[in-house]
Amino acid sequence: MKKLYVFYDAQDDFALRSYAWLVAQPPLWPLEFIPFQASERMARFQGIDDFRRRGPLLGVGDEGGVYAGPNAFIICLYALKDYQEWSYRLSAPMFLPLARRAFELLSTQGRKFSRQMERLDDPKLAWLLEYPGSSSAPG
Amino acid sequence: MKPMLIATIAGEAGSAAVWTYIAYLFVSVSLTVWVARTLHKNGRIFLVDSLLGNEPLADSVNHLLVVGFYLINIGFVTLALKYGDKATDAQTALEILSTKVGLVLVVLGIMHFFNLFIFSKMRRRATLHRPPPILPEGPVKMTRG
């Protein structure tokens with residue numbers, strides 16, 4: 001991959017916050033952001049409309065591969081210098097359903113928090129993602 | 001044979017300069033060996049990580065790096081032996097010894113950080129070539145516009 005196109009729903013709060021966060025991160029490859037509402041730019045990607053209802057965020061690689069649903073969050077993390085490790089961890093079957101929640105936490109809580117999460121072992125991290133707000137994981 | 005040779009050289013000149021040289025060689029070479037061993041032992045895990053877990057390659061690179069490290073450092077130490085002031089008494093001997101050993105240490109330090117810099121470059125290059133953890137779901141046709 002040499003470039004990642006990120007499509008986001010500009011009328012969705014979560015997608016807008018994600019966009020604002022992604023822009024601020026040092027990327028490994030250039031990222032190009034295209035809102036769903038920019039129909040002219042969307043028209044360059046034939047067939048993208050089929051994926052729009054899969055979520056507020058879509059990733060498209062420069063070869064035309066579409067990453068939708070939880071995979072969209074993972075491919076965005078994969079393209080960031082500081083978060084590529086996270087993309088590998090979260091793509092495990094255990095975490096894939098929780099990828100959106102993980103992405104949300106990573107993108108709102110800051111780098112320090114993400115390092116704390118990194119130190120958790122898998123079951124504890126899964127617990128944290130599944131039951132947000134509960135401070136203690138089961139022993 | 002060897003102590004006699006040293007004694008002869010030292011006795012002949014009878015000077016602090018020769019003793020300074022001997023002490024310089026001894027201290028510098030021991031330091032080089034110590035640093036090389038430390039790097040070899042503790043650098044391995046760093047290399048394995050930089051090379052994305054390729055352990056045989058990491059061991060090979062580790063060994064080759066230590067060889068290069070010895071060559072450059074011992075080469076530098078022997079080349080630098082005769083440069084600088086000559087010792088005439090105990091005080092100048094200590095001063096000169098200290099300056100020379102200090103220079104060797106600084107060169108060792110610079111080489112050490114240069115090595116680390118190269119590894120981090122290697123690591124960064126490796127991350128650029130890691131495939132994505134997931135497969136795309138479907139293709140879209142992209143047209144230039």
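The values are calculated or read from the model by the stated rules, or taken from the named source; none is laboratory data. These numbers were taken from a predicted model, which means no experiment stands behind them. Ideal geometry is used to build each Cβ from the backbone, glycine not excepted, and the neighbour counts take in all protein chains shown.
Scoring residue A:53 on the criteria (1) facing another protein chain (nearest Cβ under 10 Å); (2) without any contact (Cβ under 8 Å) to a residue 24 or more places away in the chain leaves a single failure, condition (1).
Could you tell me whether the stretch B:23-40 includes any residue that is surrounded by 14 or more Cβ atoms within 10 Å (Cβ to Cβ), modelled with pLDDT under 90 and not in a helix (DSSP H, G or I)? Scanning the stretch B:23-40 turns up no residue that is surrounded by 14 or more Cβ atoms within 10 Å (Cβ to Cβ), modelled with pLDDT under 90 and not in a helix (DSSP H, G or I). Evaluated against (1) under 19 Å from the mean Cα position of the chain (by Cα); (2) on the phi > 0 side of the Ramachandran plot, residue B:106 falls short on exactly one condition, (2).
Conditions tested, residue by residue: (1) modelled with pLDDT of 85 or more; (2) more than 30 Å from residue A:75 (Cβ to Cβ); (3) assigned to a helix (DSSP H, G or I).
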{"residue": "B:57", "(1), (2), (3)": "yes, no, yes"}
{"residue": "B:63", "(1), (2), (3)": "yes, yes, yes"}
{"residue": "B:72", "(1), (2), (3)": "yes, yes, yes"}
{"residue": "B:85", "(1), (2), (3)": "no, yes, no"}
{"residue": "B:92", "(1), (2), (3)": "yes, yes, yes"}
{"residue": "B:102", "(1), (2), (3)": "yes, yes, yes"}
{"residue": "B:117", "(1), (2), (3)": "yes, yes, yes"}
{"residue": "B:123", "(1), (2), (3)": "no, no, yes"}
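Take the residues of the stretch A:1-16 that are of a type outside the set (Gly, Ala, Ser) and under 13 Å from the mean Cα position of the chain (by Cα): which is surrounded by the most Cβ atoms within 10 Å (Cβ to Cβ)? Looking at residues that are of a type outside the set (Gly, Ala, Ser) and under 13 Å from the mean Cα position of the chain (by Cα), I get A:7.
Candidates A:99, A:126: the one that is of a type in the set (A, V, I, L, M) and away from chain B (no Cβ under 13 Å) is A:126. Consider the stretch A:63-73 and keep the residues that are assigned to a strand (DSSP E or B) and closer than 16 Å to residue B:141 by Cβ. The one that is farthest from the other protein chains (Cβ to nearest Cβ) is A:66. Within this structure, residue B:90 passes the test of being loosely packed, with under 13 Cβ neighbours inside 10 Å, away from every other protein chain (no Cβ under 13 Å), of a type in the set (A, V, I, L, M, F, W, C) and at negative phi. A residue that is closer than 22 Å to residue A:29 by Cβ and touching a helix residue (DSSP H, G or I) at 6+ places or on another chain (Cβ under 8 Å) occurs somewhere in the stretch A:109-125.
Touching a residue at least 40 places away in the same chain (Cβ under 8 Å) and either farther than 13 Å from residue B:35 by Cα or β-branched (Val, Ile, Thr) (or both): is that true of residue B:93 in this structure? Criteria met by residue B:93. Out of A:67, A:78, A:83, one residue alone is of a type outside the set (A, V, I, L, M, F, W, C), at pLDDT 85 or above and touching a strand residue (DSSP E or B) at 6+ places or on another chain (Cβ under 7 Å). It is A:67.
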